[in-house]
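Have a look at the structure below before the remarks.
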Protein chains: 4
Amino acid sequence: MAGSIYGDIFKVSTWGESHGKGVGVVVDGCPAGICLCEEDVQKFLDRRKPGETKYATPRKEADEVEILSGVFEGRTTGTPISMIVRNTSQRSQDYTEIASYYRPGHADFTFDEKYGFRDYRGGGRSSARETIGRVAGGAVARKILDELQIEICAYVTSIGEIEIDRAKMSIDNIEKSPIRMPDLEASERAEEFLCEQMRGHDSAGGVIECVIKGMPAGIGEPVFGKLDAALAQAVMSVGAVKGVEIGDGFAAAKASGSYNNDPFCIGPTGNVEKSSNHAGGILGGMSDGSPIILRAAFKPTPSIFREQQTVNKSGEQICVQIKGRHDPVIVPRAVAVVEAMAALAVVDKMFVGMTSRMDRIVKFYRSDT
Amino acid sequence: MAGSIYGDIFKVSTWGESHGKGVGVVVDGCPAGICLCEEDVQKFLDRRKPGETKYATPRKEADEVEILSGVFEGRTTGTPISMIVRNTSQRSQDYTEIASYYRPGHADFTFDEKYGFRDYRGGGRSSARETIGRVAGGAVARKILDELQIEICAYVTSIGEIEIDRAKMSIDNIEKSPIRMPDLEASERAEEFLCEQMRGHDSAGGVIECVIKGMPAGIGEPVFGKLDAALAQAVMSVGAVKGVEIGDGFAAAKASGSYNNDPFCIGPTGNVEKSSNHAGGILGGMSDGSPIILRAAFKPTPSIFREQQTVNKSGEQICVQIKGRHDPVIVPRAVAVVEAMAALAVVDKMFVGMTSRMDRIVKFYRSDT
Amino acid sequence: MAGSIYGDIFKVSTWGESHGKGVGVVVDGCPAGICLCEEDVQKFLDRRKPGETKYATPRKEADEVEILSGVFEGRTTGTPISMIVRNTSQRSQDYTEIASYYRPGHADFTFDEKYGFRDYRGGGRSSARETIGRVAGGAVARKILDELQIEICAYVTSIGEIEIDRAKMSIDNIEKSPIRMPDLEASERAEEFLCEQMRGHDSAGGVIECVIKGMPAGIGEPVFGKLDAALAQAVMSVGAVKGVEIGDGFAAAKASGSYNNDPFCIGPTGNVEKSSNHAGGILGGMSDGSPIILRAAFKPTPSIFREQQTVNKSGEQICVQIKGRHDPVIVPRAVAVVEAMAALAVVDKMFVGMTSRMDRIVKFYRSDT
Amino acid sequence: MAGSIYGDIFKVSTWGESHGKGVGVVVDGCPAGICLCEEDVQKFLDRRKPGETKYATPRKEADEVEILSGVFEGRTTGTPISMIVRNTSQRSQDYTEIASYYRPGHADFTFDEKYGFRDYRGGGRSSARETIGRVAGGAVARKILDELQIEICAYVTSIGEIEIDRAKMSIDNIEKSPIRMPDLEASERAEEFLCEQMRGHDSAGGVIECVIKGMPAGIGEPVFGKLDAALAQAVMSVGAVKGVEIGDGFAAAKASGSYNNDPFCIGPTGNVEKSSNHAGGILGGMSDGSPIILRAAFKPTPSIFREQQTVNKSGEQICVQIKGRHDPVIVPRAVAVVEAMAALAVVDKMFVGMTSRMDRIVKFYRSDT
């Protein structure tokens, strides 16, 4: 219940601190028979890895994953998949100072209040390294989605005030942009802005959009188990996320019903479709067959190299200047994390959704066994 | 798993359709010894009741709650509290027509896809009447919060494009405004706007803000069990919500770190406080002692009395005009629902949070028993 | 978490006290499309109803179930099924005396210790009436098992020292015996024994055996989610059960491996079968295709009309003689409860088991939607 | 949901196969502030380690545990504790043969049915090595119980037909007996019996009794969350367990109520006590302050070196003789596993039990924070 386990059927149990021996995840509830090797996981870990651009911490971590269990002769066995990434580049001495005070915008104070003390080295469990377990678990979820022909793609739509122009956006641009913006012009302007922020010893936030394609309609459970509610929880649980919206999101609150309602129509394949997608692919908490669209707002990195007012453990107001290695913007690296959380949420709801109709259950059990 | 149960320790299990025999909730995990009577629940149900203003459906429902179990001699016994509200004003004949087609913006299509058929009368389980169970369960949660001196207050900050002016806002105004806007000038303008929308056979959405005061610091579990993630899930699970944000939310994504970081200081009582609250009372997923602030974006009511394009079950594109009794705006009535969901999320996390420190557990068990 | 909700996917949430307004259950996670009416539930409630024979409490309860939600046009909709049985025959005055002391063998003392006070009328939530919710929920589970051609049948194998002779046992005898013993000779002797116990103001326990036929192999999850572990939990949660065993159970602890191992063979239909069934149909926590066999030991009814030593709330040792209406033996009525719990456990594990193989999941989603 | 996660609040997530890279566990929900080092865990692992006596497999494993996370400066931090034991002594070649057929009494057939294939090396996830994760997780639970002054002690009461004489039993004898029998005379006879079984290429089962002392009264949740139900599930989930009983267990089914009811009395310290303990310390599913007593029946080890009838994957009936390294009796080593499972169940219920009374919750939060 301490909150490091996610999922109802497809469960991931993550562990590890920034400056402990490593970080990892145990996946329980992965079906048998999926081809899985370390490279399947590594490619997603590489996308969230620091040290790739100047906008990320220069801390260099190999972040090499080792699969310890649950795979036999190249295929998942249905039993728990344990994965570990050893920490290698730790400079704990950078952090001894912060043991004595609370960094603004960080979880130092709340960890101390909750637990009575904390592992202050690099934020301990509130470090961005915690997301390695999410991405590794998400990589397994994505193998499942691959087999179900469901695609997940996230990218950056804004950094600070710089937003992409949807007319100039192309999915192919995402990996061409060092900050994963699918509009390369906006990307360039955002990079300039980031350099400015770095020069000013400041940081920036941004927005990530995530699109899920290929979902069958009817996934998600009415009332508390809605798909959008699950996605909101999954994505809001990522550090630094302060807002989540589906489809038109906050803009929908300003629209009229006549505009916001998506008309149903018969699509080219004869299926029921919607002729617009203000709903972002979810109606009544269930997928409606259109692409699912969500956006997450990330606050600016709290670690800035300016002087800041804070309080130390002796209850004195002090002025501090944080040292260490920190990203001026977390958003580009967080793209992989948002995708991972979306994958975990979707797989879990797909699995839950298998028991919604008696006729399908009968067919499953009476023809398959 | 079908999604009508909420909570890990303080659990509510809701049930009921718009046009069935009634709606209700079973609360499992309520501590013993709380004074509870039907009036404690009724007062919150009355806040979400339709038929109170011209901006709500004229369907008149008594919505009288009956407590069936779990209370003895005026106090909760620690065993399940079952509550029921019988449906009384049902005009199912209004709905027979919609059995044959999918209303735009509604869950008709997704219900059919998920379950193979649906209770089409009044939306069945996707009706706003479903929220009665939430509000009744939330009322019990609020009795717990009362004893812990934690307050929850929600109100409408915008309807369509009309937003409150924070300088003119007063909590005392909320119940003076027929649409629960704490700025009475904005409220008047919003009412005019709503009348206009009604005349145009259209509808409106809006934003609800919810403030939680008195939370001790350290509530919420790191990683997936974060307090903000739980609140996002809880509130996004309410029908028509398309976005949730905490503190500065999406605006934080545009800010610089130097602005967004809340400095810590020593408050007048000698406690650690924050001198601003961009974080909305949550750092690292745990309460930080400042008021918790969240906002939810509601889409405009999908039931509008205009002609709309849609598809019927025979796969034909048709033009329909919805009949029945519908709110032109759901937001004012949803205030009670948002408060209820916040209460449910907070109580559950408070209960989970009791096991975070061994010294406190020892003190609990070795002195109390 | 207070323990009145059972199941991971197919969830039942029971509520109600002996002398409150009623008892009931909410079933969440029932698939859509199952024919369900009150008679489907009533017939199982009738099997556990008191007042049928002289070996059961003369309290007469109609125990009529009302379905409040989740069924539309005779079929389950996939949304929560709420069921209620109103209490009608309550003589609370019988119980006012026991408010002041702890009945031996009852939960009076432990309820007081846990909650600080208790609903003392008829045992409150620890009354046998609590099992109505189980049986009603189990009735829905059995409709699912019917469609999957899985049968559950329980009966009494012993009362006190009187055991059935397996050579004389016939399933057809169960309902012919007033105490549900499938060997009518043993049944008669057990009845005599019960009359004796009643004359001596004493009570008796016994053993119930439950057989589950038609389960596909491979149901149950390795390690903690084993099918036998789930059945043990489900059945041990029934009041008065003090032991549970699978297959040869405690006798297996005395056997040699060469005797206890069931050889595999090819059955008449060409399937893999076992030529004996010491394992009781479960190997490694998963069903093996043979009938599942479990036995539950019930202690004698603690309510006896003899003088007993106990303690009152003022801390005095006193001598008491219990009044009220009580069964001299609970076992025959508990047959329906054991069947219900077995059904709930099996359905839940069948549903969980649908995600064990990727090939089946792909087939489910890519051909059905 | 695949069943390798145990607990509602204090959760353990185990992983690992017999012949994979290792086995381990992640503990989520451990309170902060507990002194914990590898030695605290190692001492319990050593108790279940093979190769200690001639009655256990000669496979020599160091079984050295490494703590990877969740501990800082010698104390638990409240975040997940990941522990790993690397496999070192693997002779997979012993197992290639069994890939082709189903060993009687083993989970080979059911694994294949469930997952379509299996990791056949040493039983994969159904190996006794799986219990290392349980024991390591249980070791953390026991640190918690130490602080709450709750003791757990298990021992062997019978091997085959040889039972201990309770008059000659002493807890001090347990570790003096190579098979953990607290009556050394019975232990000697049981050893002779085991030698005989080994000579006959056969195996034996037995019964383990577990006593839990120091529990406050009122732990366990009425209805499905009963303490005895939780213990039954926990212990039945251990491989080879075929029966579980509490207190007098199956013998209670033969007793009269007048014998089986434990009278309440005032103990020497002025507390309410019971003058006998047929109930085994649990009334109505809640601890009653007396020692909790449970017994688990273990079947004989299925791996025997005799010829056995079985079936291979081509559907042929064959005669096989199993090779490899196997314990003639698993019971003595399982003592540590039963204790671990009892510890996990008890800690989880203790944590759940903290929210049963509002007055205690108020005291917890209003005085401590």
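The values are calculated or read from the model by the stated rules, or taken from the named source; none is laboratory data. Since this is a predicted model, take the numbers as computed values, not measurements. Neighbour counts run over all protein chains shown; Cβ positions are idealised from the backbone, glycine included. Quick note on the areas: whole protein, heavy atoms, side chains included, nothing else; ligands and nucleic acids left out. Shrake-Rupley method; radii C 1.70, N 1.55, O 1.52, S 1.80 Å.
Per-structure values
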quantity	calculated
The lone exception for C:GLY280 - which of (1) within 7 Å of chain D (Cβ to nearest Cβ); (2) on the phi > 0 side of the Ramachandran plot; (3) within 19 Å of the chain's Cα centre (by Cα) it fails	(1)
Residue in the stretch C:252-262 that is at the interface with chain D (Cβ under 7 Å from one of its Cβ atoms) and under 26 Å from the mean Cα position of the chain (by Cα) present	yes
Tally of residues being more than 10 Å from chain A (Cβ to nearest Cβ), in a strand (DSSP E or B) and open to solvent by less than 20 Å² (accessible area, probe 1.4 Å) across the stretch B:1-12	0
Flag for A:ARG333 being crowded, with 21+ Cβ neighbours inside 10 Å, farther than 26 Å from A:VAL241 by Cβ and among the charged types (D, E, K, R)	no
Cβ-Cβ under 7 Å pairs, at least 6 apart or on other chains, the stretch C:219-247 side without any contact (Cβ under 8 Å) to a residue 12 or more places away in the chain and facing another protein chain (nearest Cβ under 7 Å), far side open to solvent by less than 10 Å² (accessible area, probe 1.4 Å) and among the polar types (S, T, N, Q)	C:PHE224/D:SER4; C:PHE224/D:SER237
Which numbered condition B:VAL331 fails, given (1) touching a Phe, Trp or Tyr at 6+ places or on another chain (Cβ under 7 Å); (2) more than 16 Å from B:GLU209 (Cα to Cα)	(2)
Options C:ALA139, C:ALA128, C:ALA167: the member that is open to solvent by 10 Å² or more (accessible area, probe 1.4 Å) and under 20 Å from C:VAL65 (Cα atoms)	C:ALA128
Out of A:ILE219, A:ILE159, sole residue that is within 22 Å of the chain's Cα centre (by Cα) and under 30 Å from C:CYS30 (Cβ atoms)	A:ILE219
Close pairs (8 angstrom Cβ cut-off, 6 or more residues apart or separate chains): within 7 Å of chain D (Cβ to nearest Cβ) in the stretch C:296-311, among the basic types (Lys, Arg) anywhere	C:ALA297/C:LYS242; C:PHE298/C:LYS242; C:LYS299/C:LYS242; C:PRO302/C:ARG103; C:GLN308/C:ARG103; C:THR310/C:ARG103
Unmet requirement for D:ASN173, which otherwise passes all of (1) surrounded by fewer than 17 Cβ atoms within 10 Å (Cβ to Cβ); (2) without any contact (Cβ under 8 Å) to a residue 24 or more places away in the chain	(1)
Matching residues in the stretch D:215-227 - criterion: being in a helix (DSSP H, G or I) and either of a type in the set (Gly, Ala, Ser) or open to solvent by 10 Å² or more (accessible area, probe 1.4 Å) (or both)	D:GLY225
Tally of residues being surrounded by fewer than 22 Cβ atoms within 10 Å (Cβ to Cβ) and not basic (Lys, Arg) across the stretch D:184-201	11
Single residue of D:THR96, D:THR131, D:THR110 found to be facing chain C (nearest Cβ under 8 Å) and of a type in the set (Ser, Thr, Tyr)	D:THR110
Residue match in the stretch D:351-364 (condition: of a type in the set (S, T, N, Q), at pLDDT below 95 and in contact with a helix residue (DSSP H, G or I) (Cβ under 9 Å, 6 or more places away or on another chain))	no
Verdict on C:ALA107 being open to solvent by 30 Å² or more (accessible area, probe 1.4 Å) and within 24 Å of the chain's Cα centre (by Cα)	no
Which listed residue is touching a strand residue (DSSP E or B) at 6+ places or on another chain (Cβ under 7 Å) and hydrophobic (A, V, I, L, M, F, W, C), from C:ILE164, C:ILE144	C:ILE164
Residue match in the stretch B:334-349 (condition: within 10 Å of another protein chain (Cβ to nearest Cβ), modelled with pLDDT of 95 or more and touching an Asp or Glu at 6+ places or on another chain (Cβ under 6 Å))	yes
Scope the stretch D:202-214; condition open to solvent by 10 Å² or more (accessible area, probe 1.4 Å) and either part of a helix (DSSP H, G or I) or more than 7 Å from chain C (Cβ to nearest Cβ) (or both); matching residues	D:VAL211, D:LYS213, D:GLY214
Flag for C:VAL347 being in contact with a Leu (Cβ under 7 Å, 6 or more places away or on another chain), in a helix (DSSP H, G or I) and surrounded by fewer than 24 Cβ atoms within 10 Å (Cβ to Cβ)	no
Odd one out for A:ARG118, checked against (1) facing another protein chain (nearest Cβ under 10 Å); (2) open to solvent by 30 Å² or more (accessible area, probe 1.4 Å); (3) touching a Phe, Trp or Tyr at 6+ places or on another chain (Cβ under 8 Å)	(2)
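So that you can scan it fast, the table gives a plain yes or no per residue for (1) more than 9 Å from every other protein chain (Cβ to nearest Cβ); (2) under 22 Å from A:ARG333 (Cβ atoms); (3) modelled with pLDDT of 90 or more:
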residue: A:ASP40; (1), (2), (3): yes, yes, yes
residue: A:ARG48; (1), (2), (3): yes, yes, no
residue: A:ALA56; (1), (2), (3): yes, yes, no
residue: A:LYS60; (1), (2), (3): yes, yes, no
residue: A:GLU64; (1), (2), (3): yes, yes, yes
residue: A:GLY105; (1), (2), (3): no, yes, yes
